[in-house]
Each structure stands twice: as structure tokens, then as C-alpha cells.
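To start, the structure itself, in C-alpha cells.
Taken together, the values in this text are just the output of simple stated rules run on the coordinates, not laboratory data. Because the structure is a prediction, the values reported are computed rather than measured. Here the Cβ positions follow ideal geometry from the backbone for every residue, glycine too, while neighbour counts run over all protein chains shown.
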Amino acid sequence: MGNGLWMYFMLLMSMEISSLKIMLPNAFSRYFVLQSLGPRGCSFRSLARSVGVQSAAEQTTIELTGRDRPGLLSEIFAVLTDHRCNVIAAEVWTHNSRMASVVYISDEENGLAIDDTDRLAKIRQLLLYVLKGDRDRPSANTAVSVDSTHKERRLHQMMYADRDYDKDDTNCISSDRTKPLVTVENCTDKGYTVVNLRGPDRPKLIFDTVCTLTDMQYVVYHGTIIAEGREAYQEYYIRHMDGCPISSEAERQRVIQCLEAAIKRRTSNGIRLELCGDDRIGFLSDVTRIFRENGLSVSRAEVTTRGSQAVNVFYVTDASGSQVKSETIEAVRKEIGQTVLRVKDDVYSDSPPQQTARFSLGHIFRSSSEKFLFNLGLIKSCS
């Protein structure tokens with residue numbers, strides 16, 4: 001049931017799920033899930049960096065972590081443009097005043113990966129200067145990445161290594177409605193630690209939770225996932241990889257902090273701007289410069305290229321993290337082009353999400369599996 005189990009599990013994690021019970025009954029199945037999550041991405045030696053570069057046949061991957069600040073993304077794209085790099089795709093997350101980004105670039109001249117080591121070293125050094133700024137000098141480092149992994153999982157690993165979960169962000173504006181409730185308790189009679197999470201439902205919520213537990217070197221033995229209305233409930237029975245439950249209060253608090261951070265990283269604050277236009281060298285540099293000049297700060301970004309078209313999504317706030325004034329948005333649209341830049345409602349913002357159609361497993365699991373697992377003592381009542 002190895003590959004079939006994992007493909008089924010990944011399919012479920014990409015959907016909005018009403019109800020699901022997960023049981024990994026033997027070591028063989030647990031091994032396949034851990035292998036499919038990507039053990040090569042679990043090397044903590046490769047995580048301690050601020051700028052990393054790796055090359056593939058058609059693109060070079062740059063990884064960046066550092067302190068977030070207004071205009072940072074504009075400066076990063078300007079460096080890449082000045083050194084004849086075409087940005088093929090990128091994803092940027094921010095949380096607790098920290099920024100992590102995975103950027104895929106190619107050579108402007110031939111469209112292939114950049115394999116000139118001297119050129120890459122210069123780009124890395126310049127990006128490091130940008131990331132250091134005036135306030136992040138002690139924590140900045142450079143390193144070359146030798147492993148590849150899932151992009152969004154890699155962003156989780158980078159922010160976890162950067163310890164975004166325990167940084168005090170006095171400027172962060174958050175809402176209690178978006179903060180998950182996380183509890184961690186030991187089930188001593190069965191030798192497990194039970195992790196419960198409750199909060200607003202959204203896509204990829206299970207992915208964010210399970211990957212974080214795996215990267216923290218925990219094994220998930222049993223799980224319960226239920227979504228009712230706008231709220232999601234998750235319960236996991238976990239142990240260390242050596243088979244032991246959590247043994248200290250400090251470790252328990254750390255798990256709570258890391259899971260809260262993992263869920264909040266993908267919560268996008270601000271107004272969603274969709275940018276679609278002809279792709280060209282320097283396009284992102286120009287757009288983010290206009291954002292900076294109009295006092296906008298990018299809280300999250302998704303950059304893709306489809307053929308000759310650049311299809312990008314930016315979530316923006318003002319420099320203080322507050323909502324952007326409508327006249328500022330209109331000024332930006334007028335400068336970039338109103339047909340190129342569109343304003344969309346943010347489904348991941350602090351506002352309550354709209355009810356959408358969902359793939360429901362409720363009729364399958366609630367009547368039979370829920371009773372079966374409850375009677376076995378492997379799950380607790382959700383009431």
C-alpha cells in the first residue's frame with residue numbers, strides 16, 4: 001500500500017476535506033510516507049543559510065531568508081535584472097518580520113541555467129548585502145544548496161531554520177480569527193503525544209501541519225481531520241522517531257509555536273493584486289519598484305511564467321502592515337496599467353472566507369471509520 005497510500009494522501013491534502021481519518025498501521029506504511037515527503041529535504045545542515053543557489057538543466061534556484069522590510073523584494077529583483085537574470089518563477093512568504101523566498105532564474109541570453117560559478121558567487125554576495133541591510137548583519141550567511149525538494153515544503157524548512165516561530169514582531173498586525181488554537185498533551189497509557197489544532201479552514205492546511213511535524217523529526221501514527229463550515233479540526237498521535245513521546249514542557253511549547261507559525265505563514269495579509277502581461281527581462285523589477293515608490297509592502301508573492309505571459313499574484317499592505325488606501329491602489333494601477341494589474345478579493349485574508357464547493361468525504365468516514373477508530377481508542381470525540 002506504499003505508493004498508492006502516498007498518492008491518495010497527497011490528493012487529499014490538495015483538496016478541501018470535510019472529514020478524514022488517517023491510520024498508518026505498520027512501519028512499512030510510515031516509511032513510505034516519510035520517504036515521499038522527501039528525506040533529502042530534512043538535512044538540517046543545509047538549512048542554516050540566508051542565500052543558497054543550485055542549478056538544474058534549464059534553471060537556477062536561489063533561496064533567500066532574511067529580515068523582511070518594505071522594498072526588499074524590489075531590491076532583490078533589481079539585482080537579478082542588473083545581472084541579466086530572467087525570473088521564471090518565484091514564491092515569497094513573510095512571517096514575524098522574516099522573509100523566505102525560492103526564486104527560479106535563467107540566463108537572459110540563452111534561457112538556460114546559469115553555470116558560471118564566478119557569476120553565481122557575485123549574485124549571491126550582492127543578494128546577501130541586500131538581505132543584511134542595516135539590521136540583520138549578525139544572522140546573515142551564504143551557502144550553496146545541493147538538494148532539491150518541494151518548493152512550499154522548502155519554504156517551511158527555511159523559515160523553521162530561521163526560527164521565525166519565536167521572533168517577537170511588534171509591528172505584526174494579526175487577528176484572533178486567523179490564529180489557530182494548538183494544544184499538545186501526552187497520552188501516557190498509549191505512549192503517544194496528542195496534538196490538536198483548531199482554526200479557520202483553508203487549502204493545504206494538512207500539508208502545512210504534517211510537513212512541519214515531519215521536519216521536526218516526529219512520526220504521525222494516527223490522525224483525524226474534520227472540516228465543518230469554516231472551521232477545521234486536526235488531531236494527530238505522534239512520537240519521536242525513536243518511539244518516545246514529548247518529554248518536557250519546553251519541547252511542548254516549541255511544538256505549539258512551530259505549528260502556529262506553519263499555519264500562519266500561508267495566511268496572506270493585505271490586498272490581492274493579480275498581474276498578467278507580456279513577460280520580459282526586468283518586468284518584476286519595474287513592478288516591485290512601483291510598489292515601493294507608492295509605499296506598498298509585499299507580504300506574499302507567487303510568480304509564474306506561462307509561455308510568453310507573466311502571471312503573478314502579490315499581497316500588499318502599506319509600510320506599517322495596515323490596509324492600503326484605495327487611492328494608492330488606483331495610482332499603482334494607473335502607472336502599471338489597469339488592464340495588466342487587477343485587484344481581487346483575498347480569500348486568505350482576515351475577512352471571513354466565502355463558502356465554496358468542496359470535495360466531501362463526510363459520508364464515507366463519519367458513519368463507519370469514526371466509530372471504528374473511536375472504539376479502538378485511537379481517536380477522541382470531536383464534540
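Take peptides 321-333, 304-316, 251-263 and line them up by average Cβ neighbours within 10 Å, highest first, as a rough protection proxy.
251-263, 304-316, 321-333
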Notebook entry, point to check: Expressed in whole Å with the largest first, what are the equivalent ellipsoid semi-axes of region 181-266 derived from the C-alpha gyration tensor as the square root of 5 times each eigenvalue?
Noted result: 21, 13, 11
Next item on the list: In debye, nearest 20, what is the charge dipole magnitude of region 181-266 about its Cα centre with +1 on Lys and Arg Cβ and -1 on Asp and Glu Cβ, if you could check?
Entry: 320
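Extension gain Glu185-Arg163, at 0.36 nm per residue separation less the Cα-Cα distance, in nm? Could you put the intermediate results ahead of the total?
Working: separation 22, 0.36 × 22 = 7.92 nm, distance 2.30 nm.
Once the chain is fully extended between Glu185 and Arg163, it gains 5.6 nm.
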Check: Hey, with R₀ at 45 Å, roughly what FRET efficiency would Gln323 and Arg198 work out to, going by the Cβ-Cβ distance, to 0.05?
Finding: 0.95
